[in-house]
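Worksheet: the structure to be examined is printed underneath.
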Amino acid sequence: MAIRKILTYPEKSLLQPSIKVDTIDEDIKNLIADMGETMFNAPGVGLASPQVGVNKRVIVYDTNAANPDKDDSVQEFTALINPEIIAGSGSIISEKEACLSVVDYNSDVKRYEKVTVQALDIEGNPLDFEAQGVLAIIMQHEIDHLDGILFIDRISVLKRTMYKKKIAKMQDDQ
Ligand code: NI
């Protein structure tokens, strides 16, 4: 296992769609192990493969992220391969949503309150489950990454333009 570098906006891999995984081989298993370690090291509650520069449809998330009594010393993650949101309902505001790949920024984002996710587990077994609240937000945020979509693509044009200007200025200053 190794900690991989988390890429940040406007890195190209973050902006392009990822391809489906057809074989869960050693490379994918290593990728998943590294993503789990990288996520907890950051620390974050979710990570998608484009964030480490791999455009394959894999996400990981903190298994206990939605548990209000969560013990931070317990580091368990779940990996989903080829995850898809097959249904969404209701609406909630994800307050101060942030991303390890979008530095120094957060914003309220409108999300589904409840989603149904279909995916493969690490052994390739199909699964589906319903998520709501925090877990639903994590699913939407991470699966968006696999389509090259960042949370800043889901806020107002004005706010997004301001963020892009800030990043452009930071890069000019370097
Ligand atoms: Ni993110």
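Of all the residues that make up the range 150-160, how many are in a helix (DSSP H, G or I), closer than 30 Å to P83 by Cα and away from the ligand (no atom under 16 Å from the Cβ)?
2
Could you tell me how many of the residues in the range 1-25 are among the hydrophobic types (A, V, I, L, M, F, W, C), within 19 Å of I81 (Cβ to Cβ) and modelled with pLDDT of 95 or more?
So the count comes out to 3.
Since V74 meets every condition but one in (1) under 16 Å from G46 (Cα atoms); (2) within 15 Å of the ligand (Cβ to nearest atom), which condition does it not meet?
Only one criterion is unmet by V74, namely (2).
Sort out which residues of the range 33-56 are assigned to a loop (DSSP other than H, G, I, E, B) and farther than 15 Å from E11 by Cβ, and write them in order of number.
A42, P43, G44, V45
Quick one: what pairs do we get from the range 152-164, first residue among the aromatic types (F, W, Y), second surrounded by 17 or more Cβ atoms within 10 Å (Cβ to Cβ), C-beta under 6 Å, 6+ apart or different chains?
The qualifying pairs are Y163/Y105; Y163/I152.
Kindly establish whether P17 is within 12 Å of the chain's Cα centre (by Cα) and either more than 15 Å from L135 (Cβ to Cβ) or among the hydrophobic types (A, V, I, L, M, F, W, C) (or both).
Answer is no for this residue.
The values are calculated or read from the model by the stated rules, or taken from the named source; none is laboratory data. What you are looking at is a predicted structure, and each value in this text was computed from that prediction instead of being measured. As a convention, Cβ positions derive from the backbone with ideal geometry for all residues, glycine included, and neighbour counts pool all protein chains shown.
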